[in-house]
1. Closer than 13 Å to D10 by Cβ, open to solvent by less than 40 Å² (accessible area, probe 1.4 Å) and not β-branched (V, I, T), is that true of C81?
2. Name the residues in segment 1-58 that are assigned to a helix (DSSP H, G or I), among the β-branched types (V, I, T) and within 20 Å of A93 (Cβ to Cβ), would you?
3. Out of (1) in contact (Cβ under 8 Å) with a residue 12 or more places away in the chain; (2) surrounded by fewer than 15 Cβ atoms within 10 Å (Cβ to Cβ), the odd one out for H134 is which?
4. Report, by residue number, each residue of segment 21-38 that is of a type in the set (D, E, K, R) and more than 25 Å from G68 (Cα to Cα).
5. What are the residues in segment 34-60 that are within 16 Å of I141 (Cβ to Cβ) and without any contact (Cβ under 8 Å) to a residue 60 or more places away in the chain, if any?
6. Go over the candidates W16, W41 one by one and state the one that is among the aromatic types (F, W, Y) and closer than 20 Å to R69 by Cβ.
7. Quick one: count up the residues across segment 49-65 that are open to solvent by 10 Å² or more (accessible area, probe 1.4 Å) and either in contact with a Pro (Cβ under 8 Å, 6 or more places away or on another chain) or not aliphatic (A, V, I, L, M) (or both).
8. Exactly one condition in (1) more than 15 Å from the chain's Cα centre (by Cα); (2) open to solvent by 10 Å² or more (accessible area, probe 1.4 Å) is false for F46; which is it?
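The values are calculated or read from the model by the stated rules, or taken from the named source; none is laboratory data. From a predicted model like this one, the values you see are computed outputs, not experimental measurements. Cβ placement follows ideal geometry from the backbone for every residue including glycine, while neighbour counts extend to all protein chains displayed. Accessible surface is based on the protein model in full, side chains and every heavy atom, while ligands, DNA and RNA are left aside. Shrake-Rupley method; radii C 1.70, N 1.55, O 1.52, S 1.80 Å.
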Amino acid sequence: MAEPIVFVGDSITELWGFHRAGTFEAYDLIPRGGSGQTARWITMRFARDLAETGARGVHLLCGVNDIGRNEGVFVPVEEICRTLAGMLDEARALGVKAWIGSLTPVDGIPWNPEVRDAPAMIAAVNAWLRDHAHEHGATFIDYHAVLVSESGGLLPDYGTDGLHLSPAGYAAIEPLMLRALGRIPDAPSAPALCVKGAPAKATRSVRARLIGAAVAAAALLAAIAALVLELR
């Protein structure tokens with residue numbers, strides 16, 4: 001029997017456990033999401049969540065509420081990354097296997113429209129996680145690539161308010177999550193098939209991901225440029 005894995009995070013995780021309770025029950029996954037919580041708040045309960053659930057694995061997904069300034073102050077990308085890295089290091093010290101999900105795409109912060117650089121900050125956090133999560137003993141899971149629209153926001157069918165995921169959004173990322181956690185086998189690679197009428201849909205899907213990646217890269221460069229100007 002697979003050992004339980006606790007999902008620690010904010011409302012994205014909380015709603016995942018609610019909308020997709022069947023998946024969590026079937027694969028021995030334990031949701032511990034806290035609506036509105038920043039990464040810093042989550043650090044205060046992180047070890048307790050591991051201890052109370054007895055989980056030997058942890059899936060971490062948080063940071064968007066820091067970007068949304070839920071504590072009333074601007075939190076730079078570097079601080080968000082340090083906070084996430086600290087929890088991964090804590091899991092490793094406790095002998096708990098860790099996975100960390102990318103921040104999911106957003107059109108903006110619904111409760112704080114003054115935050116206009118959310119997509120750029122998300123791109124920067126995700127770039128750091130992609131490059132450095134392994135240094136802290138964790139496996140990075142890129143949910144952003146599955147959910148992003150051509151404009152770099154959240155695909156309408158996968159969201160409810162431009163930030164939170166719909167049941168369809170969670171269903172779309174679950175195969176990626178379950179494979180990463182080892183709950184289901186990797187999908188076998190199949191040769192490309194030329195089916196009449198199918199290439200157009202596949203091409204649109206590939207184009208959407210490429211455009212989304214380009215938007216994220218541009219946003220990351222803009223964020224870096226802004227940081228350099230601020231330091232001058």
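1. Working: closer than 13 Å to D10 by Cβ: no; open to solvent by less than 40 Å² (accessible area, probe 1.4 Å): yes; not β-branched (V, I, T): yes.
Here the answer is no, as C81 does not meet what is asked.
2. Here is the first cut: in segment 1-58, the residues assigned to a helix (DSSP H, G or I) are 11-19, 21-26, 39-53.
Narrowing further to those that are among the β-branched types (V, I, T): 12-13, 23, 42-43, 53.
I42, T43, T53 - these are the residues of segment 1-58 that are assigned to a helix (DSSP H, G or I), among the β-branched types (V, I, T) and within 20 Å of A93 (Cβ to Cβ).
3. Just one mismatch for H134, condition (1).
4. Filtering segment 21-38 for residues of a type in the set (D, E, K, R) gives 25, 28, 32.
Listed by number, the residues that qualify are E25, D28.
5. Restricting attention to segment 34-60, the residues satisfying the condition of being within 16 Å of I141 (Cβ to Cβ) are 57-60.
The answer is V58, and nothing else.
6. Values: W16 fails: closer than 20 Å to R69 by Cβ.
Checking each option against the conditions leaves just W41.
7. Qualifying residue count for the region: 4.
8. Result: F46 passes all but (2).
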